[in-house]
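Participant: Let me begin by handing over the structure; questions about it come next.
The values are calculated or read from the model by the stated rules, or taken from the named source; none is laboratory data. Here the structure is a predicted model, which means the values were calculated and not measured. Note that each Cβ is placed from the backbone with ideal geometry, even for glycine, and that neighbours are counted across all protein chains shown.
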Amino acid sequence: MLQRIQSIYLLFASLVLFALFFFPLAHNIYVAGKPVSVMVTGVFQDVNGSQQYTEHFTALTAITGIVALLPLAIIFLYKNRKQQITICYSAILVLIGYSFWMAQTVKKAIGSVQLDTRTMGIGLFLTSLSIVLIILAAKSIQRDEKLVRSADRLR
């Protein structure tokens, strides 16, 4: 069952969440006249042409790693499809809460500066993409469950 399409969806969802460590949540924001980039790991400020940490997000970094491992853990529950579906929907709720927390952290880090489409980083959209991938995985798991039930009925 590891080679099924839902495993691919869940693997991609996990990779997308791990990509949060590499892509900024917000970039080129001028706070106090200096360009600032906000990532999951912290706030980077341009000082003399090099990026330096000005604030660390330890809790957000740790939770990002845990949330990124969640879809990988779901893959290995393939023997119990009902539990897999339940955990998929639970993971979606966790990701929604995580997205809200991430947005509030960005808001707090940049202060009164307004985000617009030019300053939003790709990281803000990656959690939405992972939610879509987990929904697709859950639908595929439900299809598999339906197929197994129909095969059991024929026996």
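Listed here are the residues, each with its yes/no results for (1) surrounded by 14 or more Cβ atoms within 10 Å (Cβ to Cβ); (2) closer than 26 Å to V36 by Cβ; (3) under 22 Å from the mean Cα position of the chain (by Cα).
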{"residue": "S90", "(1), (2), (3)": "no, no, yes"}
{"residue": "T105", "(1), (2), (3)": "yes, yes, yes"}
{"residue": "K108", "(1), (2), (3)": "no, yes, yes"}
{"residue": "V113", "(1), (2), (3)": "yes, yes, no"}
{"residue": "L126", "(1), (2), (3)": "yes, yes, yes"}
{"residue": "S130", "(1), (2), (3)": "yes, yes, yes"}
{"residue": "L133", "(1), (2), (3)": "yes, no, yes"}
{"residue": "A137", "(1), (2), (3)": "yes, no, yes"}
{"residue": "S150", "(1), (2), (3)": "no, no, no"}
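Participant: Still on this structure, I have one more. Which condition from (1) modelled with pLDDT of 90 or more; (2) surrounded by 17 or more Cβ atoms within 10 Å (Cβ to Cβ) is the one that F44 breaks?
Facilitator: The one condition F44 does not meet is (1).
Participant: Right, something else. Need pairs with beta-carbon distance below 6 Å; first residue under 26 Å from V67 (Cβ atoms) and within segment 21-40, second in a loop (DSSP other than H, G, I, E, B) and among the polar types (S, T, N, Q); sequence gap 6+ or separate chains.
Facilitator: Note: pairs meeting the criteria are A26/T119; I29/T119.
Participant: While we're here: Quick test of your reading of the structure: L70 fulfils all but one of (1) free of Cβ contacts under 8 Å to residues at least 40 places away in the same chain; (2) out of contact with any Gly (no Cβ under 9 Å at 6 or more places or on another chain). Name the failing condition by number.
Facilitator: Result: L70 passes all but (1).
Participant: In segment 63-86, is there at least one residue being modelled with pLDDT of 90 or more, within 18 Å of I110 (Cβ to Cβ) and surrounded by 15 or more Cβ atoms within 10 Å (Cβ to Cβ)?
Facilitator: Checking segment 63-86: not a single residue is modelled with pLDDT of 90 or more, within 18 Å of I110 (Cβ to Cβ) and surrounded by 15 or more Cβ atoms within 10 Å (Cβ to Cβ).
Participant: Moving on. In segment 27-46, which residues are assigned to a strand (DSSP E or B) and closer than 12 Å to G111 by Cβ?
Facilitator: Taking segment 27-46 and keeping what is assigned to a strand (DSSP E or B), we get 27-31, 34-38, 42-46.
Residues satisfying the conditions are I29, Y30, V31, V36, V38, V43.
Participant: Tell me yes or no: at least one residue of segment 17-25 is surrounded by fewer than 17 Cβ atoms within 10 Å (Cβ to Cβ) and in a strand (DSSP E or B).
Facilitator: no
Participant: Something else about it: Looking at L95 and the list (1) buried (at least 16 other Cβ atoms within 10 Å of the Cβ); (2) over 10 Å from the mean Cα position of the chain (by Cα); (3) among the aliphatic types (A, V, I, L, M); (4) under 23 Å from F57 (Cα atoms), which single condition is not satisfied?
Facilitator: Of the numbered conditions (1) buried (at least 16 other Cβ atoms within 10 Å of the Cβ); (2) over 10 Å from the mean Cα position of the chain (by Cα); (3) among the aliphatic types (A, V, I, L, M); (4) under 23 Å from F57 (Cα atoms), the odd one out for L95 is (2).
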